[in-house]
Amino acid sequence: GNSVTQMEGPVTLSEEAFLTINCTYTATGYPSLFWYVQYPGEGLQLLLKATKADDKGSNKGFEATYRKETTSFHLEKGSVQVSDSAVYFCALSLLFNDMRFGAGTRLTVKP
Amino acid sequence: DAGVIQSPRHEVTEMGQEVTLRCKPISGHDYLFWYRQTMMRGLELLIYFNNNVPIDDSGMPEDRFSAKMPNASFSTLKIQPSEPRDSAVYFCASSPNIGGPYEQYFGPGTRLTVT
């Protein structure tokens, strides 16, 4: 079935460190890929998305590239801030009803 | 737009009581989803609606759970009777029917505690 696997957390970094959160997917067909972020006490918010191979999604300094050959969509940021502390979810969608979320990775950034 | 609205934000109830969670989707969105989030099981899809019609309720844990969408701007998730293991954060999300790539917009969630 369609699914995503993301690196387990928690991840703890110092401010201005480089961030990578790995995400790989399994899907029949050509899914759209997403990263959502959940801040404490809030719902999930779309961070970025990519709809086809080699697309790069970007937002707020975060980037992820849709790699069909490695079935991956790794999230990266060159310099994290304390305000980036949150839980990050990788997800894929083939149809409206078929959004599959990863388990989430908790990121803590220390000053 | 105000985004997806959920109420209440917090609910504490005793085992055996009926609980009703409410959701107002974003205007114009044809899809509405109910999720449950726990530490142990992560984010689980419970049920989703298209144009007010329930399409897939296979994620609803048992008959104690029911969901309705009487019109395009309102949905409820009811638990009767509630049990301590129902304690979780319940999210409502909505999605437009056109345009793609089918991203979902989440509400702030209702934190349910059953004692």
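The values are calculated or read from the model by the stated rules, or taken from the named source; none is laboratory data. These numbers come from a predicted model, not from an experiment. We place every Cβ from the backbone using ideal geometry, glycine too, and count neighbours over all the protein chains shown. The accessibility values were calculated without ligands, DNA or RNA, using every heavy atom of the protein model including side chains. Shrake-Rupley method; radii C 1.70, N 1.55, O 1.52, S 1.80 Å.
Report for chain B the percent antiparallel among DSSP-assigned beta bridges with both residues inside it, nearest 5. Beta bridges within chain B, antiparallel portion: roughly 90 percent. How large a share of the accessible area of segment B:2-115, in percent, is made up of carbon and sulfur atoms when the probe is 1.4 Å and the other protein chains stay in place? Taking all protein chains in place, segment B:2-115 shows 50 percent carbon and sulfur surface. Translational diffusion coefficient of chain B (Stokes-Einstein, Kirkwood radius from Cα pairs, 4 °C, 1.567 mPa s): 92 µm²/s. What the Cβ-Cβ distance of A:LEU46 and B:SER27 gives, at R0 = 22 Å and to the nearest 0.05, is a FRET efficiency of 0.75.
Note on B:LYS68: aspartates and glutamates with a C-alpha under 17 Å away, same-chain residues under 8 apart excluded, are B:GLU18, B:ASP30, B:ASP56, B:ASP57. When its C-alpha radius of gyration is set against 2.2 N^0.38 Å (N residues), the protein assembly as shown gives a value of 1.03.
Shape summary: segment A:20-77 maps onto an equivalent ellipsoid whose semi-axes, from the alpha-carbon gyration tensor, are 20, 12, 10 Å in decreasing order. Loop only per DSSP, at most 15 neighbouring Cβ atoms within 10 Å: give me the trypsin sites (Lys or Arg not before Pro) in segment B:1-107, ordered by residue number. Passing both the DSSP loop test and the Cβ count: B:ARG9, B:ARG41, B:ARG64.
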